[in-house]
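See below for the structure under consideration.
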Amino acid sequence: MGEKTQTYLDNTGQNHYNYFAKMVFVCAPRNFAGAKERNDLNMANMKKEYKMSAERKEELQKELTYLKTVREKEVADLIKEARGFGDLSENYEYKVAKQEKNRNESRIRYLERMIATAKVIEVNEKEGTVGLFDHVALYNEKLGKEQNIQLVTTLRQNALKGLISKESPVGKAILGKKVGDRVEIVVSPEMKYTVEIRSITPGEDDASLEISSY
């Protein structure tokens, strides 16, 4: 299995947030209480609109094509080979191959949903203001701490790595603002805090960043 393939399959997207990340970037908890809740969550994900650049949409389409052709055939060959190792109930190689098949199919469904609901956006912000893909230094007045973040699309968000969606409370609040501006972040009616924009460094869409996992 090539390195590129492994990168696609290893996107597990576990959420482990430290205190500062919780204060700045609040993520809604998933509810797995029962079948109805899971179904409601799936329906919400299907209706969700994913904003991305034209380049990222093309990247997703290339990965999808790869998984449905090359990788799908590789996995089928693995299963066929594993069947020859004996009793399937005690065949470790067969179980591993089947798990790989399930992972590949899950990733395919995820990519198909992302592409189907994708909304291509144009990057066209004013110079000197916070824009998409820019690196921004924020001073959280409540915590007395500074953090460097990058504004990204929902596809690339990862709070632990400082990759913040432009659709998040922080992203929406600082977009279009300039150095020296004090901005109120409204997470909820009960939770508000202020950040100061310390610096803005122009950035660009980085294809090496992992895509949010399914």
Q. Is one or more of the residues making up region 79-94 touching a Phe, Trp or Tyr at 6+ places or on another chain (Cβ under 9 Å), in a helix (DSSP H, G or I) and within 26 Å of Phe133 (Cβ to Cβ)?
A. no
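Which strands (runs of 3 or more DSSP E) sit wholly inside region 98-203 and have at least 3 residues that are in contact with a Phe, Trp or Tyr (Cβ under 9 Å, 6 or more places away or on another chain), of a type outside the set (Lys, Arg) and within 30 Å of Tyr66 (Cα to Cα)? Talk me through it step by step, then tell me what you get.
On the way: elements: 118-120, 135-140, 145-152, 163-165, 182-188, 191-201.
Those strands (runs of 3 or more DSSP E) span 145-152.
Can you pull out the residues in region 50-75 that are part of a helix (DSSP H, G or I) and within 20 Å of Gly203 (Cβ to Cβ)?
Quick first cut of region 50-75, residues part of a helix (DSSP H, G or I) only: 54-75.
If the condition is that a residue be part of a helix (DSSP H, G or I) and within 20 Å of Gly203 (Cβ to Cβ), then Ala54, Glu55, Arg56, Lys57, Glu58, Glu59 are the ones that fit.
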Q: Please tell me if Ser168 is exposed (fewer than 14 other Cβ atoms within 10 Å of the Cβ) and in contact (Cβ under 8 Å) with a residue 40 or more places away in the chain.
A: no
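Here, each number is a calculation from the coordinates, and none is a lab measurement. Since the model is a prediction, treat every value here as computed from it, not as a measurement. Cβ: placed from backbone, ideal geometry, glycine included. Neighbour counts: every protein chain shown.
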